[in-house]
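Colleague: Mind looking over this structure? Questions follow.
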Amino acid sequence: MIGKLLRADFLKIKRKGLWFLSFLGPFGVIALQMVNYGVRKDYLLNQSDDDWGYFLEYVHSFTPLALVLGIAILTSFMASIENETNAWKQLISLPVSKMSVYLSKFMVLGSLLFVSSLLLGVFSLGYGILLNLGDQIPYLELLKYSFYPYLAALPILALQLWIASVSQNQGIPITTGVLGVIFAYSAFILPDWMIWKWPSLMNEWDEPLINVMLGIGVGTLLYIVGMLDFTRRDVK
Amino acid sequence: MEYVVQTTNLSKRFGKESAVIGLDMKIRKGEIYGFLGPNGAGKTTTIRMLLGLMKASSGTIQIFEKDLNKEKINILKRVGSLVENPSYYPHLTAYENLEALRKILGVPKTRIHEVLEIVRLTEVANKKVKGFSLGMKQRLGIAASLLNSPELLILDEPTNGLDPSGIIEIRNLIKQLPAETGMTILISSHLLTEIDQMATTVGIVTKGKMIYQDSIESLRMYAQQKVLLKVSDSEQAWRSLLGNGIKADWEDGIILLSEHSDGKVAKAIHTLVHEGYSIYRVEEEKRSLEDIFLQMTTREKVI
Ligand SMILES: Nc1ncnc2c1ncn2[C@@H]1O[C@H](COP(=O)(O)OP(=O)(O)O)[C@@H](O)[C@H]1O
Ligand SMILES: [Mg+2]
């Protein structure tokens, strides 16, 4: 059942610009480094012996922001497809369970963000090579910087999808989305328990893997709560 | 008796407000069931419950003699529906809209062409629905509801907001469906004329309660007719009618014939002419279905 729903959902996002946004996010993050390194490459390369690591740190300074912003926009667009003409009622009166409808939406968003993360890795690698950062390409670090923030951001995705699918008023998910972006921007001063801090991979133990684990755990939990709430409610 | 739809004591409350109260709906196979009631009567709420979009506050729903709560997906496989305003994806073409539903229903692609043909949208199949008129969107909605060749089709006010030609078009479309496929249809409307021209059975609901449920013929029976005669010397004339064994009443100088078959009326007129009365007017008084409907739904009691 979920396969059918996924195919339908991927058809529905056609011409909505979601694929383009998934490309634009990582492209924008790298484009900022193109400016940064374009302007002061020599200075930056002198700052550290580990040019790749230093470069990836710089890339990562913008990743959480792009990710949280991306999640807010993608979930809003995704929900708007069904909200616009109240197509939820048509979708849910088909022979499908509400749980699988919700799962399909989550999986489509998850896939788009996965593609974004993958592109972030590819673009980082490509621009790093172009910058001649050295032959010792740190593939593992590259993977971590591309996918750790994504996994750590799963709770935000689950939360935004929940809010966007049950709100009558689409101003609510937009507000929480904007707040999230502001939080992500202020990650430095946020306490460790705030989910919007997690994609920054910062915590008091300096161990990014904690954020990833928390992201997957709390993300799953918020997903289940959101799905149950969606199933319980009368359809708009 | 086998019912395609049977609700028992179905109720729905929104907070303190009751939108549907103790509704017993019975629809037999092959019927076009007109679900009639003024705006806000609870038609859409009932239909939403039938489709599992809303949970009933109390009562049970049986469709195809199965409990909706227990076999929702199996039931919905055999149901097509259009609830309130048509839902569609404006950025997709008509074909793509149906394709998005077809992927979920798992019917062959040829079915898309068939339903587009039925609602006569084949020519605009590859146009984005954004630019469609309301009538076209409504027809697309009907096409969508027919995709899975349903045994039960549920249409909630399918002609609402359409212009007269659009209304006629949809009406003809709906009328031809059961004849071709043996489908059972539940169609709601707040206009009696709509239902009158399509339905075989009517259920009238007002303020959440079903106040009438029977065949359309039985409803028409309530539209009793009377033939009025305006004649010279009316009291005298009335007595002579009675004297000739013709049933009639006399009120305010007007004779009312209670038997109004052609033969009886002709006999009465013949008698009066024969006895030398002048006949000024022969009129038929008809209580329209609309009057009955209005009376039922405003006075809130069964006739
Ligand atoms: N989601 C809802 N929340 C609260 N009240 C509702 C809701 N849906 C319908 N109602 C109320 O229930 C009543 C019946 O509405 P509805 O079923 O739409 O009537 P109809 O379709 O016959 O016009 C109305 O008074 C309406 O305001
Ligand atoms: Mg309604």
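Colleague: Note every residue of the stretch B:40-77 with a reduction of at least 30 square angstrom in accessible area, all protein chains present versus the isolated chain, computed with a 1.4 Å probe, or write none.
Modeller: In the stretch B:40-77, residues shielded by partner chains: B:Arg48, B:Leu53, B:Lys55, B:Lys72, B:Ile73, B:Leu76.
Colleague: Using every pair of alpha-carbon atoms in the stretch B:226-286, split the distances into 10 Å bins beginning at 0 and state the percent of pairs per bin, rounded to integers.
Modeller: Binned Cα distances yield the sequence 25, 66, 9.
Colleague: Another question, if that's okay. Probe radius 1.4 Å, ligands and nucleic acids ignored: give me the carbon and sulfur share of the accessible area of the stretch B:99-148 as a rounded percent.
Modeller: Roughly 52 percent, rounded to a whole number.
Colleague: Hey, got the dipole for the stretch A:2-232? About the Cα centre, +1 on K and R Cβ, -1 on D and E Cβ, debye to the nearest 20? Please report the intermediate quantities before stating the final value.
Modeller: Details: 14 positive and 15 negative charges, 287 e Å.
Here the size comes out at about 1380 debye.
Colleague: Can I ask one more? With every atom except the alpha carbons ignored, what do you get for Rg and Dmax of the stretch B:37-146, in angstroms?
Modeller: Values for the stretch B:37-146 (Cα only, Rg and Dmax): 15.7, 46 Å.
Colleague: While we're here: What is the distance in Å between the Cα centres of the stretch A:67-119 and the stretch B:65-126?
Modeller: 20 Å
Colleague: Counting alpha carbon pairs within less than 8 Å and at least 6 residues apart, what relative contact order, in whole percent, applies to the stretch A:2-232?
Modeller: Relative CO of the stretch A:2-232 lands at 27 percent.
Colleague: Would you calculate the convex hull of the Cα atoms in the protein assembly as shown and tell me its volume per residue in Å³?
Modeller: 194 Å³
Colleague: Next up: For the stretch A:51-58, what does the Karplus curve 6.51 cos²θ - 1.76 cosθ + 1.60, with θ = phi - 60°, yield as ³J(HN,Hα) per residue in whole Hz, taken in order and with x for Gly and Pro?
Modeller: Per residue, the Karplus-derived 3J(HN,Hα) values read 4, 5, x, 5, 5, 5, 4, 4 Hz.
Colleague: By how many degrees, between 0 and 90 and to the nearest 10, does the Cα long axis of helix A:139-152 differ from the longest principal axis of chain A?
Modeller: 30 degrees
Colleague: A follow-up question, please. Would you mind listing how long the stretch B:90-129 runs along its three principal axes, going by Cα atoms, in whole Å with the largest first?
Modeller: Its Cα atoms span 23, 22, 11 Å along the three principal axes.
Colleague: If I histogram all Cα-Cα distances within the stretch A:2-232 using bins 10 Å wide from 0, what percent of pairs lands in each bin?
Modeller: Taking every Cα pair in the stretch A:2-232, the percentages come to 8, 32, 33, 18, 7, 2, 0.
Colleague: OK, next. Between B:Ile246, B:Ile195, B:Ile142, which gets the highest mean-square fluctuation from a Gaussian network model of chain B, Cα cutoff 10 Å?
Modeller: B:Ile246
Colleague: For chain B, what proportion of DSSP beta bridges, expressed in % and rounded to the nearest 5, is antiparallel?
Modeller: Roughly 65 percent of the beta bridges in chain B run antiparallel, per DSSP.
Colleague: Between A:Gln47 and A:Val115, what is the label-to-label distance in nm when each label sits 7 Å out along the Cα-to-Cβ direction?
Modeller: 3.3 nm
Colleague: Now, a different point. Under a plain spin-label model, where a point goes 7 Å from the Cα along Cα-to-Cβ, how far apart in nm are A:Leu228 and A:Arg40?
Modeller: In this crude label model, A:Leu228 to A:Arg40 measures out at 5.1 nm.
Colleague: Leaving ligands, DNA and RNA out of it, report the carbon-plus-sulfur percent of the accessible area of chain A at a 1.4 Å probe.
Modeller: Within chain A, the accessible surface is 70 percent carbon and sulfur.
Colleague: Now, a different point. Taking only DSSP H segments of four or more residues, each worth -39500 (n - 2.57), what value at 222 nm results for chain A once the sum is divided by all its residues, to the nearest 500 deg cm²/dmol?
Modeller: One gets -25000 deg cm²/dmol as the mean residue ellipticity at 222 nm.
Colleague: Still on this structure: Taking every Cα atom in the stretch A:96-212, find the radius of gyration and the maximum pairwise distance Dmax, and write them in Å.
Modeller: Final numbers for Rg and Dmax: 16.8, 54 Å.
Colleague: Compute the length gained on full extension between B:Lys66 and B:Leu242: take 0.36 nm times their separation in residues and subtract their Cα-Cα distance, giving the result in nm to one decimal.
Modeller: Working: separation 176, 0.36 × 176 = 63.36 nm, distance 5.89 nm.
Extra length available between B:Lys66 and B:Leu242 comes to 57.5 nm.
Colleague: Using modelled backbone amide H atoms (1.01 Å from N, in-plane), which distant-in-sequence or interchain residues come within less than 5 Å of B:Ile154's amide H?
Modeller: B:Gly80, B:Ser81, B:Leu82, B:Leu186
Colleague: Work out which residues of the stretch A:59-97 lose at minimum 50 square angstrom of accessible surface when the other protein chains are put back, relative to the chain isolated, with a 1.4 angstrom probe, and list them by number.
Modeller: Residues shielded by partner chains are A:Thr85, A:Lys89, A:Gln90, A:Ser93, A:Leu94, A:Pro95.
Colleague: Where in chain B lies the longest segment free of GluC sites (Glu not before Pro) that are both loop residues by DSSP (not H, G, I, E, B) and have at most 12 other Cβ atoms within 10 Å?
Modeller: B:66-299
Colleague: Additional query: Give me the percent of DSSP beta bridges within the protein assembly as shown that run antiparallel, rounded to the nearest 5.
Modeller: Antiparallel bridges make up about 65 percent of those DSSP assigns within the protein assembly as shown.
Colleague: How much of the accessible area of the stretch B:226-286, in percent, comes from carbon and sulfur atoms when a 1.4 Å probe is used?
Modeller: 46 percent
Colleague: Taking both sides together, what accessible area is buried at the B/A interface, probe 1.4 Å, expressed in Å² and rounded to the nearest 100?
Modeller: That pair of chains buries around 2800 Å² in total.
Colleague: Considering the Cα trace of chain B, what is its radius of gyration and what is Dmax, both in angstroms?
Modeller: Computed over the Cα atoms of chain B, radius of gyration and Dmax are 24.8, 79 Å.
Colleague: For chain A, take the longest principal axis of its alpha carbons; what is the angle in degrees between that and the long axis of helix A:171-185, to the nearest 10 within 0 to 90?
Modeller: Roughly 20 degrees, rounded to the nearest 10.
Colleague: Right, something else. For the stretch B:38-93, with every protein chain kept in place, what is the accessible area per residue (1.4 Å probe, Å²)? Don't skip to the answer; put the middle values down first.
Modeller: Working: 2130 Å² over 56 residues.
Heavy-atom SASA per residue in the stretch B:38-93 reads 38 Å².
Colleague: Hey, another quick one. Between B:Ile254 and B:Thr110, what is the label-point separation in nm under the 7 Å Cα-to-beta-carbon projection?
Modeller: Result for the modelled spin labels: 6.3 nm.
Colleague: Would you kindly derive the ³J(HN,Hα) couplings of the stretch A:202-208 from the backbone phi angles with the Karplus curve 6.51 cos²θ - 1.76 cosθ + 1.60 (θ = phi - 60°), listing them in order in whole Hz, with x for Gly and Pro?
Modeller: 8, 7, 5, 8, 6, 10, x
Colleague: Given +1 on the Cβ of Lys and Arg, -1 on the Cβ of Asp and Glu, and no further charges, what dipole in debye does the stretch B:189-255 carry about its Cα centre, rounded to the nearest 20?
Modeller: 160 debye
Colleague: Starting from the amide H of B:Leu23, placed 1.01 Å from N in the peptide plane, find each other amide H under 5 Å away whose residue is 5 or more places distant or on another chain.
Modeller: Under 5 Å from the amide H of B:Leu23 lie the amide H atoms of B:Asn9, B:Leu10, B:Ser11, each far enough along the sequence or on another chain.
Colleague: Compute the accessible area per residue over the stretch A:2-232, keeping the other protein chains in place, probe 1.4 Å, unit Å².
Modeller: Accessible area per residue, the stretch A:2-232: 46 Å².
Colleague: For the charge dipole of chain A, defined by +1 on Lys and Arg C-beta atoms and -1 on Asp and Glu C-beta atoms about the Cα centroid, which residue among A:Gly38, A:Leu5, A:Trp196 has the Cα displaced farthest towards the positive pole?
Modeller: Towards the positive end, the residue furthest out is A:Leu5.
The values are calculated or read from the model by the stated rules, or taken from the named source; none is laboratory data. All figures in this text were calculated on a predicted structure; none of them were measured in a lab. For neighbour counting, all protein chains shown are included, and Cβ atoms are generated from backbone atoms with ideal geometry for every residue, glycine included. Ligands, DNA and RNA are excluded from the accessible area calculation, which covers all protein heavy atoms including side chains. Shrake-Rupley method; radii C 1.70, N 1.55, O 1.52, S 1.80 Å.
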